[in-house]
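S.K.: Can you keep this structure in mind? I'll have questions shortly.
The values are calculated or read from the model by the stated rules, or taken from the named source; none is laboratory data. Keep in mind it's a predicted model, so treat the numbers as computed, not measured. Cβ atoms come from the backbone with ideal geometry, glycine included; neighbour counts cover every protein chain shown. Calculation scope for accessible area: heavy atoms of the full protein, side chains included, ligands and nucleic acids excluded. Shrake-Rupley method; radii C 1.70, N 1.55, O 1.52, S 1.80 Å.
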Amino acid sequence: MTDYLLSVALRRELPGDSYLRGLGPVRYLMEGKPLVFDRPVTFLVGENGAGKSTLLEAIAVACGFNPEGGTRNFSFSTRDTHSILGEYLTPARRKYPEDGFFLRAESFYNVATNIDEMDEQPSFGPRLIDSYGGVSLHHRSHGESFLALVQNRFGGRGLYLLDEPEAALSPSRLLTLLGEMDQLVRADSQFIVATHSPIIMAFPNARLYVLSETGIEAVEYRQTEHYQLTRRFLENPERMLQFLLGNEGQD
């Protein structure tokens, strides 16, 4: 178990007119309950709109990361759209990580652009892109750039926050990601991941939290709707499609 992030809790009351009060996970925190991270890998799962990305972004901001992604040294901003929740969270920890990264699928393009822009500035040191595999992330496919980041930039002894990493990865590359995560956990790293992927959330001994309109609940992997629905579909896709497409009973 790592000590980089033990829990997060609300340190003061949110504004009365904030839309955040309508999110189940935020109401959970407003009740004085901390969100505890007691395992090296934690998954935040739930339906679209449940607040996974909002909460993960807030955790990242509370831990000192740029809300648009990157390391703690990134400070670029293309558009100020992040919520104020991060300013109201207090992280509890016993030690600080040596490495860290906040990866969000929707703004990773901007991170790649910022890396190229910084390398275009006069410098007597090594290029920043050398820490990401030596090739501009814009010269790779979306999935290749994600894996290049994990395989080259993530160095261990780190806190890594990933927002829907499955967005760019094929099933085989998702398995590759699991292998990389395992190696990094063995190198004293901690992951907090918001995901819809039943492949990713199968990581052994991970903590899974379901976020919903009723709050936050710890569940086992096979209890998640993601696992159950995917399994039912793969066991009999024809039957499921007949039901969904209104063709039940037809040959």
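S.K.: If you go through segment 11-29 one residue at a time, how many are loosely packed, with under 15 Cβ neighbours inside 10 Å and not aromatic (Phe, Trp, Tyr)?
M.R.: Count: 8.
S.K.: In a helix (DSSP H, G or I), modelled with pLDDT under 80 and open to solvent by 60 Å² or more (accessible area, probe 1.4 Å): is that true of residue 87 in this structure?
M.R.: For residue 87, the condition - in a helix (DSSP H, G or I), modelled with pLDDT under 80 and open to solvent by 60 Å² or more (accessible area, probe 1.4 Å) - is not met.
S.K.: Scan segment 201-208 and give yes if some residue there is open to solvent by 70 Å² or more (accessible area, probe 1.4 Å), closer than 14 Å to residue 40 by Cα and under 18 Å from the mean Cα position of the chain (by Cα), otherwise no.
M.R.: Checked segment 201-208: at least one residue is open to solvent by 70 Å² or more (accessible area, probe 1.4 Å), closer than 14 Å to residue 40 by Cα and under 18 Å from the mean Cα position of the chain (by Cα).
S.K.: Right, here's the next one. Tell me which strands (runs of 3 or more DSSP E) are completely within segment 141-251 and hold 1 or more residues being touching a residue at least 40 places away in the same chain (Cβ under 8 Å) and among the β-branched types (Val, Ile, Thr), or say none if there are none.
M.R.: Counting at least 1 such residues, we get 190-194, 207-212, 215-219.
S.K.: Further question on the same structure: Quick one: in segment 32-73, of everything that is under 12 Å from residue 192 (Cα atoms) and open to solvent by 30 Å² or more (accessible area, probe 1.4 Å), which residue is modelled with the lowest pLDDT?
M.R.: The extreme case among them is 53.
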